[in-house]
Amino acid sequence: MEDALLDIVVTINSYLSNYVLIILLIGAGLYFTIRTRFVQIRCFGEGWKRVFGGFSLFGKKEKSGMSSFQALTTAIAAQVGTGNIVGACGAILIGGPGAIFWMWLIAFLGMATNYAEAVLAQKTRLVDPDGIVHGGPVYYIKTAFRGKFGTFLAGFFAVAIILALGFMGCMVQSNSIASTCETAFGIPAWVWGLGVVLIAGYVFLGGVGRLAVVTEKIVPIMAIVYLVAGLIVLFSNLPATGEAFALIFSCAFNPQAEVGGVTFGIIAALAQGAKRGLFSNEAGMGSTPHAHAQANVKNPHEQGTVALIGVFVDTFVVVTITALVVISILYTGDGALAQGMYEGIDKTNMAQLAFGTVFGTTGGNVFVAVCLLFFAFSTIISWNLFAKINVEYLFGKKAVPVFTIIALVFIFMGSLLSNDLVWELADMFNQLMVLPNVIGLIALGGGVAACAKTAGKSWGKIEGKLEKEHAEGTDSNADRPNWQA
């Protein structure tokens, strides 16, 4: 039964990732890169200034929403997860080293897309009288399309994200935690699954405030530790690092690139780069806007520039470190995969084997397991928040406790099920999320372009239209208190 389901899901994913996803991600990225006049380059320095200006491991709990830095760390917590280690390794194993080049390209374009997502999430968010902030794609989709079509698209997105992140995605994270930690420490996977459930449940019950406090501490530390360890491996084998870079570019454009007796084509590299790039940096997927909507900033542009830094850190820093370590150790010289010795090597243990060449087998296993534990756990708690916002949108506040219980069950189940099936299901629902999200983004592209052009000082024609509708009471959000047009 499981094998039959896996075959069906793989078939669906092949069409989505090989055609639909590539067109949508690259198309949306190019569209917003051009419309915003390369905001990811123009405002790159501004984004870093805002990040370091708000940097804190001990930020105060906000009365409503989060600080800009807390919103960023919550977004990065969602972005930096198993996709940065297991996902990147899977992309290399299936698509070859060239898949990393396409992940870079997707991320560069995705920085502009993520800017648009954050801007729109800020502009269309709702604030209840009690200070609770609601924001995300469902709100800008309904702003873009009035009537039944907008309601359908928003509802489709909400259902997809609940399944993708609230259930299937969290299964992927707990599955990776359990499998790597079992390898490293010899403790059964179900024990790790139970532990994750208990700690995650504690964070879930604390709401947005507790989540923000946790992510602002975990994310900076885990990123720095992983970066330092990766640099140690690369500098200990410096000549191979140069070869790894060369392989990434040669395999990205060579129709018949052969490494270790296996031929990797451009289509396979591009498809894996797009699919794993989406799962890694999440630009265009519609997940991180939920975090950026929570930020307390002066104008949407500010959070947009912060958002694009999140994509950069995720892919150009963390994924690149993983890729260079794995490729330089396993794909160059006398590396196992360079010699065609694939037996016993898969996406879940590639990073452990690579780090183990410098830190020792046990050290490599433990290091990657601990990093993945923090990466994946931070993703679980962020994704739960994003899904929860959509549960409340569809079913109201009373449904949230029920959702939380079901989500915890899925997290535990993830530690027990087949790795391949869990990943494929997560990929399918992630890709389905992209469809309504990108449609909504493109529809409001003019407003995003105006915001990027004027650095947030004006929302252009879109702002005037929304404010007029709100004043007349003709917009679909007019019944919401404190609606921010």
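The values are calculated or read from the model by the stated rules, or taken from the named source; none is laboratory data. Every value quoted in this text rests on a predicted model; they were computed, and no experiment measured them. Positions of Cβ are generated from backbone atoms using ideal geometry, with glycine treated the same way; all protein chains shown enter the neighbour counts. Remember, those area values only see protein heavy atoms, side chains included, never the ligands or the DNA or RNA. Shrake-Rupley method; radii C 1.70, N 1.55, O 1.52, S 1.80 Å.
List of remarks:
- Summed over the range 134-156, the residues that are open to solvent by less than 10 Å² (accessible area, probe 1.4 Å), outside any helix (DSSP H, G or I) and touching a Ser or Thr at 6+ places or on another chain (Cβ under 8 Å) give a count of 1.
- Hey, V159 in contact with a strand residue (DSSP E or B) (Cβ under 7 Å, 6 or more places away or on another chain), surrounded by fewer than 24 Cβ atoms within 10 Å (Cβ to Cβ) and more than 13 Å from E282 (Cβ to Cβ) or not: no
- Test: residue in the range 72-81 that is open to solvent by 10 Å² or more (accessible area, probe 1.4 Å), over 24 Å from A452 (Cβ atoms) and at pLDDT 80 or above: no
- Residues within the range 152-165 that are more than 19 Å from Q122 (Cβ to Cβ) and either within 20 Å of the chain's Cα centre (by Cα) or without any contact (Cβ under 8 Å) to a residue 60 or more places away in the chain (or both), tallied: 9
- Of residues in the range 252-269 being surrounded by fewer than 23 Cβ atoms within 10 Å (Cβ to Cβ) and part of a helix (DSSP H, G or I), the one modelled with the lowest pLDDT: I267
- Among residues of the range 315-332 being more than 16 Å from C251 (Cα to Cα) and over 21 Å from the mean Cα position of the chain (by Cα), the one that is least open to solvent (accessible area, probe 1.4 Å) is V325.
- Unmet criterion (only one of (1) more than 12 Å from the chain's Cα centre (by Cα); (2) in a helix (DSSP H, G or I); (3) of a type in the set (A, V, I, L, M); (4) crowded, with 21+ Cβ neighbours inside 10 Å) for L278: (1)
- The residues in the range 382-424 that are surrounded by 14 or more Cβ atoms within 10 Å (Cβ to Cβ) and of a type in the set (K, R) can be counted, and the count is 1.
- Options A426, A452; residue that is within 19 Å of the chain's Cα centre (by Cα), modelled with pLDDT under 90 and either within 30 Å of T348 (Cα to Cα) or assigned to a helix (DSSP H, G or I) (or both): A426
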